[in-house]
Amino acid sequence: MNQNLYAILSERFRDRLDRPCLVMTGRTLTYGDVDALAARIAGVIVASNVKPGDRVVVQVEKSAEAVALYLACLRTGAVFIPLNTAYTPSEVGYFLGDAEPALFVCTPENRDRYAAGTLDWTPPTILTLDAEGGGTLMQHAADAAPHESILERADDDLAAILYTSGTTGRSKGAMLTHANLSSNGLTLVDYWGFQPGDVLLHALPIFHVHGLFVALHCAMLNASPMLFMPKFDVAAVRAALPDATVMMGVPTFYTRLMDQADFSADECAHMRLFISGSAPLTAQNHEAFEQRSGHRILERYGMTEAGMITSNPYEGDRIAGTVGYALPGVEVRVCDDAGDPVHDEVGSIQVRGPNVFKGYWNMPEKTAEEFTGDGFFVTGDLGTQTEDGRVAIVGRGKDLIIAGGYNIYPKEIESVLDKLDGVVESAVIGAPHSDFGEGVVAVIVTDDGQPLDLGPLQAAIDADLARFKHPRAWRFVDTLPRNTMGKVQKNVLRDTYGDAFTQG
Ligand code: MLC
Ligand code: AMP
């Protein structure tokens, strides 16, 4: 049987081609339309000499055509590599150099910036796609012969590579196979009780696991319509809630809804399920959302390398502050420092199963380091697990900030800051932030501990770092706290500057 993820998805909507798939303002594409669009784009991919296993790097705004481009890659066996639209040319340059794609699709504006020689590595073919579905990709697609067939793929053939930053500051490409993605999608659509009549409110970006795989695959496997929004806009989301039954979001979606004084249970009456993940949802927000909306959020836990790992039950207790149980077919354990599984004490969360990635692109040593001898992936998250298997995340072993569901690695920012004039050294930490959960604070050591002019500092990091990674609070000191081994004590910094975004 063909293990191509697109074969599995299309099998589920093949008899329902006239049903709405992507519902946007003023435009609806049925499942048949999306399938046909994907076939036309697949024709362009094949005509561009992209072979099965070749990489296709994509940095475009969210649109129906962007979805079809993803599906077209699956269809032809190309490996899809989505990039955050906020990445700067220097960040994109790294990904292109590492992935060496046969095709790069970017926005027309970036095409001009990148053509100006900002990239270290130039892909053989560069096509463009804008937010309205225009650009050279679609011009070619209008003329291309549709490529209807779905390439035969085996379980462990690559479907996608998603870059995830690392504690060393260098991004790693997590290689995800067709079976990683299909096994996870098929499990979730059952586990979360997807049913006829479901309509998914889709306001997430489509360059991460959450919006691209979890949301899209669940909807497509159920042949459900998606209310497909370009981004999370609280007014648009509220207006759409009465037409939806399921929403997937990061905690910021829920806090932004609750910031609306008149947000109430009435507009959620039609909803069946609110799901949260990608970042911790505080127990306080969990309870507050239930009071306001009448719905108990279902929190689940996942990561780029493993898709969805645990989930609170659909039927059963959704306990605030916990992420529930290992999904069916997935093994999760919490181990102590000696590597032995423990219960009810904090340890390292580890996962094994068909959802777990194949390894990091071009980094076999790094891959080996992150797996145990018996094949569990070490997530880098710290948590507890009860005897009956319920997991709670209590912290991170990795130095990572999660802001609004985006992962930000302090090391990457420190490496940029440390090179700047007047900066002796830097330490970057996350501090509680009412909107994003965590915000980035830069603690900068200067010769005399006196503040530097922020203008030049900001300008200097603009070229290297996407704006969501920029520090939003700056503190200047003459020295950093260190332990006896000379390591910077970030916990001390977090205690000292923890109120950076919450003070008066
Ligand atoms: C935007 N900004 C952010 C930010 N998003 N800053 C920190 N963290 C973020 N997440 C900054 C921009 O740079 C800009 O700064 C300003 O905020 C406004 O930008 P915007 O584009 O208007 O922001 P907004 O639309 O409000 O977006 C916020 C958001 C969005 C929370 C809705 O970030 C979002 O959709 N997040 C979801 C991320 C996600 O899907 N994560 C899943 C990862 S998968 P300036 O300076 O230019 O004004 C994963 C696995 C799993 O983790 O378990 O799911
Ligand atoms: P990413 O690498 O972007 O896939 O981010 C994955 C990380 O997000 C995980 O390793 C966790 O640290 C975090 N994460 C995902 N879901 C949750 C959750 N429900 N609660 C707390 N942290 C989460």
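The values are calculated or read from the model by the stated rules, or taken from the named source; none is laboratory data. These figures come from a predicted structure and were not determined experimentally. Note that each Cβ is placed from the backbone with ideal geometry, even for glycine, and that neighbours are counted across all protein chains shown. Calculation scope for accessible area: heavy atoms of the full protein, side chains included, ligands and nucleic acids excluded. Shrake-Rupley method; radii C 1.70, N 1.55, O 1.52, S 1.80 Å.
How high is the relative contact order of the chain? Use alpha-carbon pairs under 8 Å, at least six apart in sequence, and give a whole percent.
Relative contact order of the chain: 12 percent.
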>> Using a 1.4 Å probe on the protein heavy atoms, what percent of the accessible area of region 401-497 belongs to carbon and sulfur?
In response: 49
> Taking the simple approach of a point 7 Å from Cα along Cα-to-Cβ for both ASP155 and ARG170, what is their distance in nm?
Replying inline: 3.2
> Given a Förster radius of 56 Å and the C-beta distance between ASP499 and THR122 as r, what FRET efficiency does 1/(1 + (r/R0)^6) yield to the nearest 0.05?
Replying inline: 0.75
>> From the mean inverse distance of alpha carbon pairs (Kirkwood) and the Cα radius of gyration, derive Rg over Rh for the chain.
In response: 0.96
> On the accessible surface of region 37-97, probed at 1.4 Å, how many percent belong to carbon and sulfur atoms?
Replying inline: 50
>> Under 15 Å from a point placed 7 Å out from the Cα of TYR94 along the Cα-to-Cβ direction: which residues of region 418-434 have their backbone N that close?
In response: 418-419
>> Among the listed pairs LYS398/LYS419; LYS411/LYS487; LYS62/LYS366, which have their C-alpha atoms separated by more than 20 angstrom in this model?
In response: LYS398/LYS419; LYS62/LYS366
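Could you please state how large a percent of the accessible area of region 192-296 is carbon and sulfur, counting protein chains only and using a 1.4 Å probe?
55
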> Of all trypsin sites (Lys or Arg not before Pro) in region 36-82, which ones are in loop regions per DSSP and have a Cβ with at most 11 other Cβ atoms within 10 Å?
Replying inline: none
>> Taking the Cα centre as origin and putting +1 on Lys and Arg beta-carbons and -1 on Asp and Glu beta-carbons, what dipole magnitude results for the chain, to the nearest 20 debye?
In response: 620
> Kirkwood hydrodynamic radius for region 401-497: how many Å is it when counted over pairs of different Cα atoms?
Replying inline: 13.6
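Using only alpha carbon positions, build the gyration tensor of region 248-387, then give the equivalent ellipsoid semi-axes as the square roots of 5 times its eigenvalues, largest first, whole angstrom.
Taking √(5λ) for each eigenvalue gives 33, 16, 13 Å, largest first.
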> Between ALA115 and THR282, what length comes free when the chain is fully extended (0.36 nm per residue of separation minus the Cα-Cα distance, one decimal in nm)?
Replying inline: 55.7 nm
> If you stretched the chain out fully between ILE319 and HIS470, how much longer would it get, using 0.36 nm times the residue separation minus the C-alpha to C-alpha distance?
Replying inline: 51.0 nm
> Taking all pairs of different Cα atoms in region 192-296, averaging 1/r and flipping that mean, what Kirkwood radius in angstroms comes out?
Replying inline: 13.8
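How large is the accessible surface per residue of region 192-296, computed with a 1.4 Å probe and reported in Å² as a whole number?
Values: 3510 Å² over 105 residues.
Result: 33 Å² of accessible area for each residue.
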> Counting DSSP beta bridges with both partners in the chain, what percentage is antiparallel, nearest 5?
Replying inline: 60
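Longest exposed-loop-site-free stretch of the chain, with GluC sites (Glu not before Pro), DSSP loop and at most 12 other Cβ within 10 Å?
Formally, the longest exposed-site-free interval is 133-314.
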> Which whole-number value in Å² is the accessible area per residue of region 401-497, probe 1.4 Å?
Replying inline: 48
> What nm value, rounded to one decimal, do you get for the distance between ALA460 and ARG19 when each label is placed 7 Å out toward the C-beta?
Replying inline: 5.6
> Based only on the alpha carbon positions, what is the Kirkwood hydrodynamic radius of region 314-435, in angstrom?
Replying inline: 16.8
